[in-house]
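Participant: There's a structure below that I have some questions on.
The values are calculated or read from the model by the stated rules, or taken from the named source; none is laboratory data. Just so we're clear, the structure is a prediction, and the values are computed from it rather than from any experiment. Cβ sites come from the backbone with ideal geometry, for glycine too, and all protein chains shown count toward neighbours.
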2 protein chains.
Amino acid sequence: MGVTLADVARRAQTSTAVVSYVINNGPRPVAAATRERVLQAIAELGYRPDRVARALRAKRSGVIGVLLPDTANPFFASLGQAIEAAAFDAGRLVVVGNSGFDPDREEAYLHAFLDSRVEGLVVVSARHSPRALDALASAPVPAVYVHHAPPDTLSAVVLADNDGGGRLATTHLLDHGHENVAVLAGPDDAGPVGARVAGWRRALAERGVPEHRRVRSRSAFTRAGGHASMRRLLEHKARPTAVFAATDELAVGALHAVAEAGLRVPDDIALVGFDGVPETAFTNPSLTTIGVPAERMARSAIAGLDRAWQGHERPGGEEILPVSLIQRASCGCESPTSR
Amino acid sequence: MGVTLADVARRAQTSTAVVSYVINNGPRPVAAATRERVLQAIAELGYRPDRVARALRAKRSGVIGVLLPDTANPFFASLGQAIEAAAFDAGRLVVVGNSGFDPDREEAYLHAFLDSRVEGLVVVSARHSPRALDALASAPVPAVYVHHAPPDTLSAVVLADNDGGGRLATTHLLDHGHENVAVLAGPDDAGPVGARVAGWRRALAERGVPEHRRVRSRSAFTRAGGHASMRRLLEHKARPTAVFAATDELAVGALHAVAEAGLRVPDDIALVGFDGVPETAFTNPSLTTIGVPAERMARSAIAGLDRAWQGHERPGGEEILPVSLIQRASCGCESPTSR
DNA sequence: ATCTCCGATCTAATCGATTAGATACCTTAG
DNA sequence: CTAAGGTATCTAATCGATTAGATCGGAGAT
């Protein structure tokens, strides 16, 4: 290490400016012969431009800051990985931060990212702290919200069709003949999961299911939460025959609770999850779930940043990507096809 | 944004040097009164040092490069998150790259990291490409290998006790009275999983289990691989009564295969996994597994980098952290305690 | 033959923070 | 009262790449 532009220029018998022009297909033209000499010198010396120096001068660091709530959660893990891959394919690196749902940590990361002159931000968060929001709104770089967005942001937003997915899952269970479709919801009805619950409610309303049969059980978004939440449902006086778990984590916990109670899925309780994380193909029984297109969301997010960098178009715009029903065993479908 | 050192200096009626000295508890002393003025100016202007400029001049970027095989795998996901958290607590950010087990990608990331002047590298990889190894060996910054290390490296190494864990898992199954303990291995016996298989073999040898009862089934390290691999074992003429899956991913796939075949865990087949990823607490039945101390490994890795930065001590040294048996239902233990 | 103009190149300022060398002031020793 | 030494500051070079402005030579126009 340690080969600089100046070294290359010396060896190619030219100036640093010309070398820079060659590297960047610079703002000025370079004679073919000279370009050749420069390229050769670069190859011979094994020169690689210093991204730090470049970032300082050109204000383009080539780094994207990615803020995630919790990579230990498989859904956020796949989303994070997809974002990282999409960024790399676009020639950028990502710095990542796990907020662990802690607003202070979220803000600390945001500032650290900005101090590092990230070129753009991808924010995946279940909820946003007001201070973090301020920091984002006044950030000198474009941001894209993925999975969830604050009420009225000017930034680009990429969401899954959570409401539609909730409706899809619920309708599917109703189509199996169930009349008592409960929902495993989060601690409150805010955010993306809130929209899923709204979809559930809408489906029930459309089919004329009476209010008192619309049972909702709340818990934290963890497997343990889903476990406890399902256990509560099982003890409910009017035990539901079908359950829509608003995240796969909840569903996996629920599956475990049902087995523990000596009941069977889908015979005693049919279950549908939401997220489409890989592990659901291998639960016991395999889990029917709503597939969220993590890769497409990631590509859209990076594309959104690209748009903001390129043009001066309106950066904003909300994109809602379609979800899909992944039919497996837990809902009662006989022939599990997709895995 | 855009407050610079010079702005602060101007407002505090001093020079940029003094401001820098204050910020860094600089190499030179500053009078108490002046320090006070500077601190006040910093607060009033909301100044935050530019990490890029600092990195260029001081050669300390405050960023650690983390290379992982595949964050979609829960084990690597937790390891990655733990590393990120430990780094943040040490005041550093991480750039992460998922190689997807692809040597070219691994090398590309490594170079990109180095170009970005990362201050240190944490390499988690199942196998290493020769070229990547070269790049690492000649890197101008310290590296720590986690989970797996190349044969004779000079860098620090943090491993789990894979061999001991393999033995622990196997012995536990033998103690349950099983005489036919097969293993679900990886595509070959290299790397950390190879050591786990070696531990299995050692345990069997110690108990005098004859060669022909030491059945090993190979597959890729995926749930689908574990599924196929277990299916093969079930069709084996001498079907084993117990199986040690060398990773939790394999175990989860295996669990599914057993259920599909209409058999029961642990009654027909006892099963023990390896990694201790969170989801194993919620499989059906819950999975007995070998807990790998991901957080401790992460902290050790960061500590290793710290050591390399601080002193000029021998950077090398191999640390092997103990693993633990997490008893749950899949091995046949009646009372599942830890979750 | 002289004037333009353009492509190719070089010189040098710049991004923002760090830090060695120079300088100014003050105290203490001789 | 001056020399020596220490403390607090300031000036300016530096890290490596980018790019605007200056310079130069040659092709084409008149």
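Participant: Consider B:L233 carefully, then state whether it is modelled with pLDDT of 95 or more, touching a Phe, Trp or Tyr at 6+ places or on another chain (Cβ under 9 Å) and not polar (S, T, N, Q).
Facilitator: Values: modelled with pLDDT of 95 or more: yes; touching a Phe, Trp or Tyr at 6+ places or on another chain (Cβ under 9 Å): no; not polar (S, T, N, Q): yes.
When the stated conditions are applied, B:L233 does not pass them.
Participant: Going through segment B:165-213 one residue at a time, which ones are charged (D, E, K, R), touching a residue at least 24 places away in the same chain (Cβ under 8 Å) and not in a helix (DSSP H, G or I)?
Facilitator: B:E179, B:D188, B:R207
Participant: Are any of the residues in segment B:94-108 in contact (Cβ under 8 Å) with a residue 40 or more places away in the chain and more than 16 Å from DNA strand C (Cβ to nearest atom)? Before the answer, list the steps.
Facilitator: Residues of segment B:94-108 that are in contact (Cβ under 8 Å) with a residue 40 or more places away in the chain, as a first pass: none.
No, every residue in segment B:94-108 fails to be in contact (Cβ under 8 Å) with a residue 40 or more places away in the chain and more than 16 Å from DNA strand C (Cβ to nearest atom).
Participant: A further question follows. Among the residues of segment B:29-87, count how many are within 15 Å of DNA strand D (Cβ to nearest atom) and acidic (D, E).
Facilitator: 2
Participant: Let me ask something additional. Answer with yes or no whether B:D70 is without any contact (Cβ under 8 Å) to a residue 12 or more places away in the chain and either more than 16 Å from DNA strand C (Cβ to nearest atom) or aliphatic (A, V, I, L, M) (or both). Before you say what the answer is, go through the steps one by one.
Facilitator: Values: without any contact (Cβ under 8 Å) to a residue 12 or more places away in the chain: no; either more than 16 Å from DNA strand C (Cβ to nearest atom) or aliphatic (A, V, I, L, M) (or both): yes.
No.
Participant: Quick one: in segment A:102-125, which of the residues that are crowded, with 18+ Cβ neighbours inside 10 Å and among the aliphatic types (A, V, I, L, M) is nearest to B:A87 (Cα to Cα)?
Facilitator: Within segment A:102-125, the first condition is being crowded, with 18+ Cβ neighbours inside 10 Å, and the residues that meet it are A:105-107, A:109-110, A:112-114, A:116-125.
Right, trim to among the aliphatic types (A, V, I, L, M) and you get A:110, A:112, A:114, A:118, A:121-124.
On the way: A:L110: 16, A:A112: 13, A:L114: 18, A:V118: 18, A:L121: 20, A:V122: 20, A:V123: 20, A:V124: 20 Å.
Result: A:A112.
Participant: Mind counting the residues in segment B:24-56 that are within 14 Å of another protein chain (Cβ to nearest Cβ), surrounded by 13 or more Cβ atoms within 10 Å (Cβ to Cβ) and either within 25 Å of A:E119 (Cβ to Cβ) or away from DNA strand C (no atom under 11 Å from the Cβ) (or both)? Quick ask: steps written out before the conclusion?
Facilitator: Looking only at segment B:24-56, we keep the residues that are within 14 Å of another protein chain (Cβ to nearest Cβ), and these are B:42, B:46-56.
Still in the list and also surrounded by 13 or more Cβ atoms within 10 Å (Cβ to Cβ): B:42, B:47-56.
Among the residues that remain, those that are also either within 25 Å of A:E119 (Cβ to Cβ) or away from DNA strand C (no atom under 11 Å from the Cβ) (or both) are: B:47-56.
Adding up the residues that qualify gives 10.
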